[in-house]
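The values are calculated or read from the model by the stated rules, or taken from the named source; none is laboratory data. Not measured: the values here are computed from a predicted model. Positions of Cβ are backbone-derived with ideal geometry, glycine not excepted, and every protein chain shown enters the neighbour counts. We work out accessible area using only protein heavy atoms, side chains counted, and drop any ligands, DNA or RNA first. Shrake-Rupley method; radii C 1.70, N 1.55, O 1.52, S 1.80 Å.
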Amino acid sequence: MAAMQYRAVQGSPTTFNIGSGEMNTLSAFADKIQQVAFDDNRPNRSVSNSVIDVERSNAARSAGFTSNEYLGWSAQTTLKDGVAKLLAWHLDRALPFFSSSTLDEEEVDYSESEGVMKHMDGKDLLSKNNVESCSTEEGDATCLLEQHTSYPCASECSTMTCTSSIFDAVLPIVHDTTEGCYMVLYTAPLGYDVESLDVETEYSDSGSTFEYHEGTVCTLAFVPSESTLVKNVIEDLPVNAQSMLDTSPSDSYSTKLKKLNGHLAHKGFLLIFVDGATHPLSPEETLLPKLAPARLFHSSVRRAMYVDESFSHTPYPEDALFLSTETYRGVTKSRTIKGHDEKGRETKYKLPEEPQRYAVMLASQMRDISTGEVHAVSLRDATRAMMDEKGYDADAHEPKEVRAQREFYERGRALINSMQLRSSDPAHRHKIEIKDFIRSKWVLYNLKLEEGHHVRCEWYKEHGRWAGSNTLDSGMDHLSFAYVMAKRELSRKIVSEEPLPKELSLTEKVIKAATDAHEWHPVFLGGGSKIPLHDSFKASAAQAIPLNIADRPEFELDKVVPETVSLDTKTSYFVRIMSDEVMLKARKNWAKFIAKFEKH
């Protein structure tokens with residue numbers, strides 16, 4: 001900036017060398033990168049340290065002195081420090097949430113129960129090389145580090161630079177209680193004095209088995225150890241039960257807390273006592289159980305279903321198992337349906353085969369939000385619906401934190417969709433479409449897929465920017481989710497050079513009405529892209545066939561059953577946002593399956 005603003009006078013230079021004045025070759029630069037990144041003790045590949053070009057070295061130093069004399073500025077960063085800062089910056093962007101230990105070709109483990117090591121991040125790299133890290137929170141305008149980059153160690157999104165949290169002390173207890181569980185159904189009323197659980201279930205642990213499913217479901221709740229609920233539960237414990245748990249009435253309250261943690265149940269949930277959780281928590285702690293839970297549970301846990309403490313329905317272990325079966329589906333063979341053609345005449349259509357897919361996350365679709373012209377969806381209307389679903393008064397004044405988040409997304413969408421930032425090729429002028437609105441009173445995760453880990457951590461990071469410090473007002477996490485999905489989808493379309501969407505044809509509308517293909521949203525990690533399920537339908541449109549051609553019964557829509565998921569079949573990964581209509585139909589089919597199983 002000083003050089004740009006400099007006004008030359010007679011006898012002064014007009015070109016400045018703003019380097020440090022130290023001579024370095026490219027091979028020496030490569031050696032520095034190797035040393036900083038790998039702590040490599042191998043000999044240098046260059047001889048720059050032992051051979052000095054005196055003439056060039058003096059010229060470089062003279063240039064540096066000249067810059068300092070006329071501009072009042074000189075380079076202060078050494079080559080090693082600059083290399084370390086550059087690599088740290090790239091490391092945090094290349095691996096923001098890292099890939100954890102691999103269980104096999106597809107699955108990963110983000111728990112700590114098997115000694116999984118945390119990944120090094122940019123701050124760790126700087127510390128290892130004795131380079132001081134900058135901080136945006138201290139007002140350093142030149143610092144390129146983002147805020148909210150250091151997460152609780154109990155979060156699956158944390159790296160070696162992590163912070164302590166209220167969950168650290170209970171991790172061993174939770175790992176012990178969830179060992180052997182296929183799935184965990186859990187809730188986490190934290191940040192206030194809990195008097196009783198509003199949500200209720202049926203108690204289940206790793207010893208509870210289901211004849212129709214090989215998996216086991218464990219039910220547990222994270223509650224403040226200082227809460228009225230915990231005090232009442234301990235006081236109501238019969239004396240004979242205390243002796244079974246190696247406690248006695250004469251034990252101090254703190255001793256009872258320690259011995260009974262993970263051994264008492266309330267309203268069907270095994271209680272995990274969390275210290276220091278009756279006061280308002282940080283956003284990172286508040287959101288951790290819901291948005292980044294993989295590290296909380298034992299490595300045997302494959303799926304987790306979070307239920308909000310204010311959820312109005314009773315979730316049973318059987319409900320969790322049912323929903324888990326809706327997260328995967330084998331290949332579905334071609335089948336036929338009846339519809340209408342462009343002239344309104346009844347027509348029979350043959351649907352193309354659907355590929356095998358896995359959902360890394362399952363949630364329910366937000367009601368009362370039109371998704372016709374997706375780019376024209378009013379975020380104000382969507383936010384009102386979300387406030388209503390969250391239990392706020394949607395007709396009241398919009399909280400300033402929620403308004404700030406909504407307006408940021410509205411302005412960001414308007415900027416990205418403006419012609420100045422769009423491709424010069426009309427065929428690839430994609431718009432960001434904030435349209436994937438969910439109800440977040442419950443959400444189900446597959447914990448063993450890297451794709452799901454990235455979705456959760458992006459959601460966790462994004463909403464951590466907006467959530468307030470008060471647990472009772474943790475913000476609109478479903479609005480943050482819609483924004484995360486919109487960014488991921490835009491990136492996928494741009495990188496895969498997907499053509500601009502066209503208006504659905506009549507046959508495509510028939511497919512959308514007859515199948516749930518549009519509920520499966522492709523996951524994109526940046527290294528390529530799978531064709532979305534609903535776009536693969538567009539590539540092989542339904543075929544109209546004469547009505548008088550009789551179907552074989554097994555080809556009728558309701559008779560074609562998806563094949564069993566095969567590990568040898570290529571699988572695409574999705575986030576599934578399930579509508580009430582499809583869920584109700586699937587639940588009826590599940591009930592028929594259970595009845596048929598019990599009958600035989």
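Of note:
- The GluC sites (Glu not before Pro) of the stretch 296-357 that meet both conditions, a loop assignment by DSSP and at most 14 other Cβ atoms within 10 Å of the site Cβ, are E342, E353.
- Taking Cα centre as origin and charging only the Cβ of basic (Lys, Arg, +1) and acidic (Asp, Glu, -1) residues, the dipole magnitude of the stretch 223-288 rounds to 180 debye.
- Centroid-to-centroid, using Cα positions, the stretch 151-196 and the stretch 218-264 are 19 Å apart.
- Over the stretch 161-271, relative contact order from alpha-carbon pairs under 8 Å, at least 6 apart, %: 30
- Remark on H266: its backbone amide H falls under 5 Å from those of L271, a criterion applied only to residues 5 or more positions apart or on other chains, H modelled at 1.01 Å from N.
- The string of couplings for the stretch 291-306 from the Karplus curve (6.51, -1.76, 1.60, θ = phi - 60°) is 9, 9, x, 4, 6, 6, 9, 5, 5, 6, 6, 9, 9, 9, 10, 8 Hz, one whole number per residue in order, with x for Gly and Pro.
- M1 exposes around 150 Å² of accessible area when a 1.4 Å probe is run over every protein chain in place.
- Largest accessible area first, the residues L379, L237 order themselves as L237, L379 under a 1.4 Å probe with ligands, DNA and RNA left out.
- Base-10 log of normalised Debye intensity for the stretch 229-366 (one unit scatterer per alpha-carbon) at q = 0.09, 0.12 Å⁻¹: -0.52, -0.75
- Under the Debye formula (equal points on every Cα, no solvent term), log10 I(q)/I(0) of the stretch 162-287 at q = 0.10, 0.15, 0.17 Å⁻¹: -0.33, -0.73, -0.92
- Annotation for D341 and M4: the two label points, set 7 Å from Cα along the Cα-Cβ direction, are 6.5 nm apart.
- Solvent-free Debye calculation, one equal scatterer per alpha-carbon of the stretch 240-320: log10 I(q)/I(0) at 0.13, 0.14, 0.19 Å⁻¹ equals -0.61, -0.70, -1.12.
- Basic side chains Lys and Arg get +1 at the Cβ, acidic Asp and Glu get -1 at the Cβ, and with that the dipole of the stretch 200-313 about its Cα centre reaches some 240 debye.
- Exposure ranking of C153, C457 by accessible area [1.4 Å probe, largest first]: C153, C457
- Distance violations [Cα-Cα > 27 Å] among K290/K592; K338/K502; K448/K502; K348/K585; K512/K588; K231/K267: K290/K592; K448/K502
- Note on surface exposure: R439, R465, R345 rank R345, R465, R439 by accessible area, highest first, 1.4 Å probe.
- For the pair F38 and A169, a Förster radius of 41 Å applied to the C-beta separation gives a FRET efficiency near 0.70, rounded to the nearest 0.05.
- Top positive-direction residue, dipole computed over the stretch 251-303 with Cβ charges, set S254, T286, I272: I272
- Here the gap between F311 and D388, fully extended at 0.36 nm per residue and compared with their Cα-Cα distance, gives a gain of 26.4 nm.
- Solvent accessible area, Å² - E451, 1.4 Å probe, full protein context: 40
- Per-residue surface analysis assigns D193 an accessible area of about 70 Å², computed on protein heavy atoms at 1.4 Å probe radius.
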